[in-house]
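The values are calculated or read from the model by the stated rules, or taken from the named source; none is laboratory data. The shown structure was predicted, so the numbers you read here are calculated from the model rather than taken from an experiment. No Cβ is skipped: glycine too gets one built from the backbone with ideal geometry, and neighbour counts run over all protein chains shown. To get the accessible areas, we keep the full protein, side chains included, count just its heavy atoms, and leave off ligands, DNA and RNA. Shrake-Rupley method; radii C 1.70, N 1.55, O 1.52, S 1.80 Å.
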Amino acid sequence: SGPSDLGDQHHEGHVGWTITQLDAYAYNWMQLYQPEIVLLHIGTNDLLQGVSAPEMTARLIMLISHIYSGKPDTYVIVSTLIPTTGGNQETWTQFNASIPGVAAQFQGQGKKIVSVDMSHALTSADLADGLHPNSSGNSKMAGMWYPVVSTIYNEYMMR
């Protein structure tokens with residue numbers, strides 16, 4: 001969310017939630033809110049809990065499947081995880097490496113999905129607590145999301 005003065009605070013971002021916790025609500029949220037675009041930066045808490053990269057990837061696939069079950073025509077933008085000072089760094093690397101393939105899998109099914117690589121967009125100086133982005137980190141993340149959202153909006157939403 002960042003500071004409340006950053007604007008719209010209507011979202012389904014939940015500090016401390018795992019992929020599975022978010023997945024439990026995804027279908028209903030999609031049905032209720034009918035979003036045109038979904039941004040996903042999820043998995044850090046799974047990493048911190050010691051979940052393996054293959055299991056994290058399987059959970060991500062299930063989450064995205066439920067998003068599309070709730071609203072098949074939504075556009076999903078899934079990002080790699082930003083750097084963190086916690087968790088197993090090899091798992092972080094392996095999970096991040098799996099995300100473009102997850103997007104490609106859904107693209108092969110005709111779904112509107114792209115991946116964004118945020119794995120090197122921030123440094124430890126952009127983290128407030130070694131885990132969550134500070135103002136600089138939020139700005140850098142926004143700078144990664146914006147061109148993709150803007151392109152989707154211009155190409156697909158303005159038709």
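Things to note:
- Karplus 3J(HN,Hα) series, Hz, for region 74-87 with 6.51 cos²θ - 1.76 cosθ + 1.60 (x for Gly, Pro): 6, 9, 9, 10, 10, 10, 5, 6, 5, x, 9, 8, x, x
- Around PRO83: net Lys/Arg minus Asp/Glu count, Cβ-Cβ under 15 Å: -3
- Put the Cα centre of region 34-57 next to the Cα centre of region 80-159 and the gap is 11 Å.
- Student exercise, region 10-140 dipole from Lys, Arg, Asp, Glu Cβ charges, in Debye to nearest 20: 260
- For the peptides 47-54, 111-118, the ranking by mean Cβ contacts within 10 Å, running from highest to lowest, is 111-118, 47-54.
- Compared with the direct C-alpha span, the chain from THR85 to GLN31 gains 15.8 nm at full extension, assuming 0.36 nm per residue.
- Rolling a 1.4 Å probe across the protein heavy atoms gives the chain an accessible surface of 53 Å² per residue.
- GNM flexibility winner over the chain from TYR33, TYR68, TYR25 (Cα, springs under 10 Å): TYR33
- Global geometry of region 37-80, whether rounded, prolate or oblate, following the gyration tensor of its Cα atoms and the 1.5 cut on a/c: prolate
- The chain - percent of accessible surface contributed by carbon and sulfur, probe 1.4 Å: 54
- The length gained by stretching the chain between GLN107 and GLN94 to full extension, at 0.36 nm per residue less their Cα-Cα distance, is 2.6 nm.
- Cα gyration tensor shape of region 26-159, rounded if a/c is under 1.5, else prolate or oblate by comparing a/b with b/c: oblate
- Once backbone amide H atoms are built at 1.01 Å from N, LEU40 has ILE77, VAL78, SER79 as its partners under 5 Å, excluding neighbours fewer than 5 places away on the same chain.
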